[in-house]
Amino acid sequence: MIANYNLIRPWLTENHIKTYYDFKISSKSWLNVGGVIKNFITPENTEDCKKILKFLIQNNIKFYILGNISNIIVRDGEIFTPIINLNNLSNIIENETDEGLDLKVNAGTSMTKFSKFVTKRGITGCEGLVGIPGSIGGGIVMNAGSYGSCISDHLVSVEYLDTSGELKFFKKKELNLDFRKSIFQNNNYLIINANFFIHRKNYIGEDKTSSIMSKIVNIRTNTQEKKLPNLGSIFSTKNLYKDLKNKNITFYLTYYLYKFFSFLTYKFYKKNFANYRKLAVKVYTKLLKLDTSHGFSLSDKTINSLVNNGSLKADSAIVFLKEMKIQVGDCASLENIILDDID
Ligand SMILES: Cc1cc2nc3c(=O)[nH]c(=O)nc-3n(C[C@H](O)[C@H](O)[C@H](O)COP(=O)(O)OP(=O)(O)OC[C@H]3O[C@@H](n4cnc5c(N)ncnc54)[C@H](O)[C@@H]3O)c2cc1C
């Protein structure tokens, strides 16, 4: 158990900080697995966030932040490290000016809510974020994006609490943004708000933005895993099949065969394309020597998504991902976060 653990609950009660005790991660995790968090702290305003961080820091208690748990696997068992979650901070404040729209978005707001908020105002540029199940905070940490929209496209600055609990700002250029990367992956800063500005030239009318959004929703439904619990993409890449061709000659040849037959099947036997994709996933599962006997496997739709076939064990998912990471090697870097060393 962590040092000073017994100080946490009395302090939270005394300070009326909303907390779920013995919170089952599996009830919120997009992979439907994970242990039990002794103290899942859900502050309702920035002042509470500051108070909590100051208390934890003063008492030398390590903490961890979770968003919508859509890109992270947390180990099984009891978790004594206090977890901070900003689900209750989910407002969007707008200010329209002659130049465009200023938005201050709380970190706990879902990316889908943000995307719909902007799209409903007839402003283009955020439609692609609609199906990403994470929070704005988690989205900025991962620099999330899809279908032509990226969370950082219209980002101006981020307000966060540093490791001493002080409110600070980062301008966009200070965030070291890259594909699925940001400065927040290397520290334990708590993102509180994100400030966006969308220029007036992006106003194209609601008919157009809604139509763009529904096309994206359709594509997502057809191409991405929908049936089984999953965490989106395992690796930060647009095409894992292509990346794997650099592994060795077998993967190189398999990739070109895969591409050739994808083209043929799509063009002449479109009805069978789903079955073809499933077969390709089976072939790659074998080539990558993945053990699917513990409830986890790759999605029928793509090799870049881990699915839960009914397992209750996060630890089995962690073993699966670690084995796959070894097999993929330098061909691509892991996007899903594994949290197995938390106390
Ligand atoms: C079905 C599905 C589809 C997906 N599709 C996409 C996609 O198209 N594009 C894409 O980019 N991603 C996609 N993802 C992955 C995931 O939604 C994103 O990575 C998202 O940004 C994670 O946000 P989260 O709130 O769930 O963060 P979590 O998974 O809870 O946490 C991720 C990291 O962010 C940190 N964090 C969370 N909130 C804060 C905060 N307020 N302050 C500081 N740190 C914080 C956590 O400590 C952790 O390190 C998909 C996932 C699923 C399940």
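Relative to the longest principal axis of the Cα atoms of the chain, the long axis of helix 249-268 lies at roughly 80 degrees.
One Cα centroid belongs to the stretch 204-282, the other to the stretch 22-53; the line between them spans 34 Å.
Could you point to the residue in Ile61, Ser26, Ile37 farthest towards the positive end of the stretch 2-85's charge dipole, with +1 and -1 charges on the Cβ of Lys/Arg and Asp/Glu respectively? So the residue we want is Ile61.
For Ile326 and Tyr256, what does the FRET efficiency come to when R0 = 25 Å and r is the distance between their Cβ atoms, rounded to the nearest 0.05? For Ile326 and Tyr256, the calculated efficiency is 0.55. Look at the dipole of the stretch 92-220 built from charges on Cβ: of Asn195, Leu161, Leu129, the Cα furthest out on the positive end belongs to Leu129.
If you bin all the Cα-Cα distances of the chain at 10 Å, starting from zero, the percentages per bin are 5, 23, 30, 25, 14, 3, 0. Just check the stretch 259-338 against the gyration tensor rule for me: Cα atoms, a ≥ b ≥ c as the square roots of the eigenvalues, rounded for a/c under 1.5, and otherwise prolate or oblate depending on whether a/b exceeds b/c. Since a/c reaches 1.5 and a/b is larger than b/c, the shape of the stretch 259-338 is classed as prolate.
Spacing of the modelled spin labels on Phe179 and Ala3, each 7 Å from Cα toward Cβ, amounts to 4.2 nm. Sorting 316-324, 124-132 by average packing, meaning the other beta carbons within 10 Å per residue, from highest down gives 124-132, 316-324.
Think of the chain as having a plus end and a minus end, set by charges on the Cβ of Lys, Arg, Asp and Glu; of Ser305, Ser236, Ala280, Ala280 sits farthest toward the positive end of this dipole. To test your reading of the geometry: what angle, between 0 and 90 degrees and rounded to tens, separates the Cα axis of helix 273-287 from the longest principal axis of the chain? Between helix and principal axis, roughly 80 degrees.
Every read-out reported here was derived from the displayed coordinates using simple, explicitly stated rules and does not represent laboratory data. Just so it is clear, the model here is predicted, and its values are computed rather than measured. With ideal geometry, Cβ positions are generated from the backbone for all residues, glycine too; neighbour counts draw on all protein chains shown.
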